Amino acid sequence: MKRNNIMKCMVAAGASFVVSGCVSTCASTDTPITQEPEQVPLTQPAQPPKAEPEKKDEAPAPAKPAKEEAKPKDDPVPVVWKDPQVQPEVKAEPKKEEPPKEEPKKTEPPKQEEPAKPEPPKEEAPKEVQHSEEYTRSVKQMQGGANISEETFNEDKKKVLAIIENLDEIMKKNDYKAWLTYLDDESIKYWSQRSNLQKVSKRLPIKGVQINSMEDYFKYIFIPSRSGHKVDEIRYLTETSVKAVQVKKDEDGTIQGDTVYYNLRKINGQWKLHLPTL
């Protein structure tokens, strides 16, 4: 503080640096100054003052008071009474919506695919087979629920018609012995009996003709009733019994019925001629 006052006195005098005058001037201040041994300022040696133009005598500047003027106090802060029951309204700041946190996906081990089970084969509905009209007529009279395929029907018909063609040749030649080879055993046994031959003699349309043997039966009954007639189709009675017939048709081709000319039975895989009984 003392050093600061000394520097202030030197500036106020505006003349050469005189320590004693400054001290006397500063002594007039209200604040008592305790003298201390003079200390030479740690500055460079003072240079001789430059010649300045003479100035009119000016009254010495009044010394500044040592004490700084008290600064005006700030206006008292008004005290605002707050009601303890009244809470200040606090505006809620809008909450920032945070993006949903994505949970790390759980990696599941790949599932082992089970081998596909083979599906059972689907049963297809049996297709309705379209048969020929002749086949339908041929199996219509079958007994006992027997079943004949159309292929078997065609084979049997072919064999039966071949036999009938041979019989036509035999009848033309009156070949009794050849005729016997086409007969089944049951027919030969039946018509070998004299009583049966006598019965059939009475039913002949021609009076006076006697049937005494199977050869007479061949000449007077078998040949006249079948010679010159054509066989068209066969009719199954069972799988091993058929009739060879001629189909009767009217003028417009409508079937009216059948005329039976031969009966045949399958014995040991061969078709044999079976003669009707009384």
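The values are calculated or read from the model by the stated rules, or taken from the named source; none is laboratory data. In this text the structure is predicted, and so the values were computed from the model without any measurement. Here the Cβ positions follow ideal geometry from the backbone for every residue, glycine too, while neighbour counts run over all protein chains shown. Surface areas here come from the heavy atoms of the whole protein model, side chains and all, with no ligands, DNA or RNA. Shrake-Rupley method; radii C 1.70, N 1.55, O 1.52, S 1.80 Å.
Things to note:
- Subset of segment 261-278 (residues that are free of Cβ contacts under 8 Å to residues at least 24 places away in the same chain, within 25 Å of L197 (Cβ to Cβ) and part of a strand (DSSP E or B)): N263
- Taken together, K230, K248 contain a single residue that is surrounded by 12 or more Cβ atoms within 10 Å (Cβ to Cβ) and in contact with a strand residue (DSSP E or B) (Cβ under 8 Å, 6 or more places away or on another chain), which is K248.
- The test for being open to solvent by 80 Å² or more (accessible area, probe 1.4 Å), modelled with pLDDT under 90 and either in contact with a Lys or Arg (Cβ under 9 Å, 6 or more places away or on another chain) or aliphatic (A, V, I, L, M) (or both) holds for Q141.
- Some residue of segment 254-264 being open to solvent by less than 20 Å² (accessible area, probe 1.4 Å), within 24 Å of E150 (Cβ to Cβ) and at pLDDT 95 or above: yes
- Checked against the criteria, F218 counts as closer than 17 Å to K272 by Cβ, touching a residue at least 24 places away in the same chain (Cβ under 8 Å) and either in a helix (DSSP H, G or I) or out of contact with any strand residue (DSSP E or B) (no Cβ under 7 Å at 6 or more places or on another chain) (or both).
- L180 passes every criterion in (1) under 60 Å from the mean Cα position of the chain (by Cα); (2) open to solvent by less than 80 Å² (accessible area, probe 1.4 Å) apart from (1).
- Only a single item in (1) open to solvent by less than 90 Å² (accessible area, probe 1.4 Å); (2) without any contact (Cβ under 8 Å) to a residue 12 or more places away in the chain; (3) not in a loop (DSSP other than H, G, I, E, B) is not met by G208, and it is number (3).
- Given (1) among the hydrophobic types (A, V, I, L, M, F, W, C); (2) within 23 Å of M142 (Cα to Cα); (3) free of Cβ contacts under 8 Å to residues at least 60 places away in the same chain; (4) assigned to a loop (DSSP other than H, G, I, E, B), number of the condition V245 does not satisfy: (4)
- Failed item in (1) open to solvent by 30 Å² or more (accessible area, probe 1.4 Å); (2) under 22 Å from L180 (Cα atoms); (3) among the β-branched types (V, I, T); (4) under 60 Å from the mean Cα position of the chain (by Cα), with V242 passing the rest: (1)
- Qualifying residue in segment 189-196 (condition: touching a residue at least 24 places away in the same chain (Cβ under 8 Å), open to solvent by 60 Å² or more (accessible area, probe 1.4 Å) and in a helix (DSSP H, G or I)): no
- Only one of the numbered conditions (1) crowded, with 16+ Cβ neighbours inside 10 Å; (2) assigned to a helix (DSSP H, G or I); (3) touching a residue at least 40 places away in the same chain (Cβ under 8 Å) is not met by Y135, and that is (3).
- With respect to the conditions (1) within 30 Å of E150 (Cα to Cα); (2) of a type in the set (K, R); (3) open to solvent by 30 Å² or more (accessible area, probe 1.4 Å), R235 lacks only one, and its number is (3).
- Within segment 156-176, tally of residues that are assigned to a helix (DSSP H, G or I) and surrounded by 12 or more Cβ atoms within 10 Å (Cβ to Cβ): 13
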